[in-house]
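Remarks on the structure that follows.
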Amino acid sequence: MKLLKDKVKSEGLVLAKGVLKVDSFLNHQMDPFLMREIGREFKSRFADERITKVLTIESSGIAPGIMTALELEVPLIFARKQKSLTLTEDIFVEKVYSFTKRETNEITVSKKFIAPGERVLIIDDFLANGEAAFGLARIVEQAGASVAGIGIVIEKSFQPGRGLLLEAGYRLESLVRIASLDDGQVAFVEETP
Ligand code: 5GP
């Protein structure tokens with residue numbers, strides 16, 4: 001997606017340890033026009049998947065998630081992150097290790113929002129090791145629903161998440177793929193058009 005690639009080129013900052021900071025348009029300040037285009041792009045990629053709900057994780061997945069849900073005309077659910085829980089009867093719970101925060105969170109979704117048989121599209125801002133995407137997929141599967149696909153705004157292709165998700169059989173669509181963040185530079189995966 002050229003618009004997004006241009007934004008990453010002009011505004012992305014490479015932090016140490018393979019982290020890309022994009023807080024001027026995605027992770028802090030958000031660009032609504034870019035988010036609208038992201039929603040349209042995911043809609044066109046997943047149009048044939050008969051999606052009934054979009055699922056993301058708070059907080060940075062919510063903007064691309066809601067714009068995608070708007071285009072697909074289905075609800076958006078965002079999983080909440082909590083430290084630890086006592087009452088777990090009415091919620092699905094999964095553990096997710098956060099790559100950027102280096103801590104494990106429990107992510108939760110109320111059981112009333114995903115019904116058996118639903119076709120759920122998972123959306124997230126970044127893909128690194130795949131922890132967040134797998135945690136969300138396990139929640140969908142706990143509900144007896146199916147993962148219709150996984151849509152990622154920025155994929156760091158040099159980390160294992162992509163390979164693991166494809167190996168597990170999920171359909172993965174990433175709008176921008178980064179080959180490396182070495183020497184403070186963003187290098188993109190060259191894709192044949
Ligand atoms: P994963 O769960 O795939 O290991 O990592 C994805 C999650 O970690 C995303 O939800 C995102 O919030 C965060 N993340 C991973 N890598 C980056 C990065 O380079 N930059 C930013 N801003 N967030 C990242």
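No value in this document is a laboratory result; all are computed from the given coordinates. What you see is a predicted model; the values in this text were computed from it and never measured. When we count neighbours, we look across all protein chains shown, and the Cβ atoms used for this are built from the backbone with ideal geometry, even at glycine.
Of the residues making up segment 105-126, those that are touching a residue at least 40 places away in the same chain (Cβ under 8 Å) and more than 14 Å from the ligand (Cβ to nearest atom) are 109, 113, 114, 118, 119, 120, 121.
One residue alone among 51, 38 is under 20 Å from residue 150 (Cα atoms), in a helix (DSSP H, G or I), touching a residue at least 24 places away in the same chain (Cβ under 8 Å) and of a type in the set (Val, Ile, Thr), and that residue is 38.
Beta carbons closer than 9 Å, at least 6 apart along the sequence or on distinct chains, pair a first residue in segment 158-170 that is small (Gly, Ala, Ser) with a second that is assigned to a helix (DSSP H, G or I) and buried (at least 16 other Cβ atoms within 10 Å of the Cβ) for 161/131; 161/132; 161/133; 161/134; 168/134; 168/137.
Here residue 77 does not qualify as in contact (Cβ under 8 Å) with a residue 60 or more places away in the chain and either closer than 28 Å to residue 13 by Cβ or more than 10 Å from the ligand (Cβ to nearest atom) (or both).
Pick from 24, 60, 10, 44: which is part of a loop (DSSP other than H, G, I, E, B) and surrounded by fewer than 19 Cβ atoms within 10 Å (Cβ to Cβ)? So the residue among 24, 60, 10, 44 that is part of a loop (DSSP other than H, G, I, E, B) and surrounded by fewer than 19 Cβ atoms within 10 Å (Cβ to Cβ) is 24.
Restricting attention to segment 127-148, report how many residues are within 11 Å of the ligand (Cβ to nearest atom) and either small (Gly, Ala, Ser) or closer than 14 Å to residue 58 by Cβ (or both). First the steps, then the outcome.
Pass one, segment 127-148, residues within 11 Å of the ligand (Cβ to nearest atom): 127-136.
Retained after the next criterion (residues that are either small (Gly, Ala, Ser) or closer than 14 Å to residue 58 by Cβ (or both)): 128, 130, 132-133, 135-136.
Adding up the residues that qualify gives 6.
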